[in-house]
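S.K.: Let me begin by handing over the structure; questions about it come next.
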Amino acid sequence: MDPSALFNQLKTAEPFFLMAGPNVIESEDHIFYMAKHIKAITSKLGVQLIFKSSFDKANRTSSKSFRGPGLEEGLKILEKVKLAYDLPIVTDVHESIQCEAVGKVADIIQIPAFLCRQTDLLVAAAKTGRIINIKKGQFCAPSVMANSAEKIRLAGNQNVMVCERGTMFGYNDLIVDPRNFEWMREANCPVVADVTHSLQQPAGKKLEGGGVASGGLGELIPCISRTAVAVGVNGIFMEVHNDPLNAPVDGPTQWPLRHLEELLEELVAIAGVSKGKQQFHIDLTPFSY
């Protein structure tokens with residue numbers, strides 16, 4: 001699909017659009033399995049789906065952690081699932097040199113939170129012409145995202161979104177400030193809530209034999225999701241897995257596939273009664289009967 005046409009669809013998507021899939025490509029069979037089941041659920045509920053998975057998790061806590069199949073093999077798998085299920089694809093890049101190849105397959109290129117201010121990477125992604133989803137750095141104020149979005153536009157690409165994924169709270173925890181969903185609208189583009197990574201506990205889990213890994217509070221995914229939808233975000237980013245306890249990456253914060261339909265049904269209902277996408281006009285003039 002033409003990037004601008006898809007972007008316009010996402011800007012006006014009701015009740016919201018959903019970016020969902022397993023954190024990382026584990027195998028071709030697993031990707032096809034997840035895409036089939038997630039699409040069936042979103043189609044039933046009338047939620048627009050962008051299928052998500054990563055070909056390489058370059059920022060793992062440990063060098064021993066599973067990273068994925070790599071750029072070449074990963075893009076082949078994503079292209080196959082895109083064609084098989086007629087799904088737009090979102091995946092992330094970590095280096096400028098990856099952008100051209102990724103832009104030939106992905107409909108949305110995602111900029112990781114750690115890299116949200118890296119000008120060369122943002123410009124290289126923008127020049128592909130694809131929609132760019134920039135995750136807010138855990139270390140950044142929401143106001144920073146207006147600058148990051150502007151870097152995309154100045155590179156000649158108007159199709160940009162910004163994504164809240166939590167803010168560092170001490171050394172091994174993140175918090176989600178609902179005010180950010182509102183303040184990030186100052187970037188003048190769609191706002192996405194990452195309801196899974198925002199519940200990570202970075203490097204918060206000690207491993208047997210030494211070292212650390214990221215833990216998380218996956219049981220709070222419904223809480224953050226309900227909040228984001230009530231506030232009126234345009235999109236939800238949610239990593240989903242059929243077997244989170246045995247997922248090679250970020251198992252603690254991947255939502256169980258068996259509960260996806262139940263949660264989405266509730267979120268659609270919340271969106272149906274919320275006026276979060278409308279600005280509340282506050283009258284501060286004196287009140288009298």
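Residue-wise test of (1) surrounded by 15 or more Cβ atoms within 10 Å (Cβ to Cβ); (2) over 22 Å from residue 76 (Cβ atoms).
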{"residue": "17", "(1), (2)": "yes, yes"}
{"residue": "32", "(1), (2)": "yes, no"}
{"residue": "38", "(1), (2)": "yes, no"}
{"residue": "46", "(1), (2)": "no, yes"}
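S.K.: On to the next question. So which of 81, 123, 105, 90 is assigned to a loop (DSSP other than H, G, I, E, B), modelled with pLDDT of 95 or more and open to solvent by less than 60 Å² (accessible area, probe 1.4 Å)?
M.R.: Exactly one of 81, 123, 105, 90 is assigned to a loop (DSSP other than H, G, I, E, B), modelled with pLDDT of 95 or more and open to solvent by less than 60 Å² (accessible area, probe 1.4 Å), namely 105.
The values are calculated or read from the model by the stated rules, or taken from the named source; none is laboratory data. This is a predicted model, so every value here is computed, not measured. FYI the Cβ positions are ideal-geometry reconstructions off the backbone, even for glycines, and counts take in every protein chain you see. Heavy atoms of the whole protein, side chains included, go into the accessibility calculation; ligands, DNA and RNA do not. Shrake-Rupley method; radii C 1.70, N 1.55, O 1.52, S 1.80 Å.
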